[in-house]
Amino acid sequence: GCMGMSDFYGARDQSRAVQTLEDAMAMGVTHWDTSDMYGPHTNEKLLGEVLASGDNRSRIFLATKFAIRRDEQGNWLGIDGSPAYARQCCEDSLRRLGVEQIDLYYMHRPDPNVPIEETIGTLADLKKEGKIKHIGLSEHDVETLRRAHAEHPISAYQGELSLWTGVHEGEGNVIEAC
């Protein structure tokens, strides 16, 4: 995960972050995970800078996320899973990352005001258009995961696995559903 290079854990150091990403590639780290809300937007720009060099893009499996809205100052504005917002976020992420296709595009959090089928339908359209390769969900419950998968196969699930959260335990848990 690349979040800490742009947000949440102190001051940003662009040159150190670029060097870390280059070192990671040299060590064989090929899966990079980001989100449009990290920074906000600056983490995708950082990755885009590194991906633009040489053959770096061909070496990296690139995952990014959308749905958590923040303004340019970093203020939280809520969750938006609307089809129009999903499409706009994808276009914006492609531009910031400087790529033609995102390998794995996650919905970062569920939107209680938009049926998951509508959001996933839009992501399936983006996949047909070649803008994303795979669809993922992050921090969704079992029922929503199953409904999403019925609309279009979900390739990946990202969730916190922690002693302090019980979402992966018990009958009918997310890991079992996956």
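Details
- Selection from the stretch 77-112 of residues that are touching a strand residue (DSSP E or B) at 6+ places or on another chain (Cβ under 6 Å) and under 18 Å from residue 43 (Cβ atoms): 77, 89, 93, 102, 103, 104, 105, 106, 107, 108, 109
- Among the residues of the stretch 1-18, those that are loosely packed, with under 13 Cβ neighbours inside 10 Å and modelled with pLDDT under 85 comprise 8, 9, 10, 11.
- Summed over the stretch 24-47, the residues that are assigned to a helix (DSSP H, G or I) and either of a type in the set (Phe, Trp, Tyr) or open to solvent by 70 Å² or more (accessible area, probe 1.4 Å) (or both) give a count of 2.
- Residue 113 open to solvent by 60 Å² or more (accessible area, probe 1.4 Å), more than 16 Å from the chain's Cα centre (by Cα) and within 29 Å of residue 175 (Cα to Cα): yes
- Hey, residue 99 of a type in the set (Val, Ile, Thr), in a loop (DSSP other than H, G, I, E, B) and either over 30 Å from residue 15 (Cβ atoms) or touching a residue at least 40 places away in the same chain (Cβ under 8 Å) (or both) or not: yes
- For the stretch 48-59, the criterion of being open to solvent by 30 Å² or more (accessible area, probe 1.4 Å) and in contact with a strand residue (DSSP E or B) (Cβ under 7 Å, 6 or more places away or on another chain) is satisfied by no residue at all.
- Restricting attention to the stretch 7-45, the residues that are under 16 Å from residue 68 (Cα atoms) and of a type in the set (S, T, N, Q) total 4.
The values are calculated or read from the model by the stated rules, or taken from the named source; none is laboratory data. Given the structure is predicted, the values throughout are model-derived calculations rather than measurements. Because the Cβ atoms are built from the backbone with ideal geometry, glycine has one as well, and the counts that use them run over all protein chains shown. Accessible surface areas use protein heavy atoms only, side chains included; no ligands, DNA or RNA. Shrake-Rupley method; radii C 1.70, N 1.55, O 1.52, S 1.80 Å.
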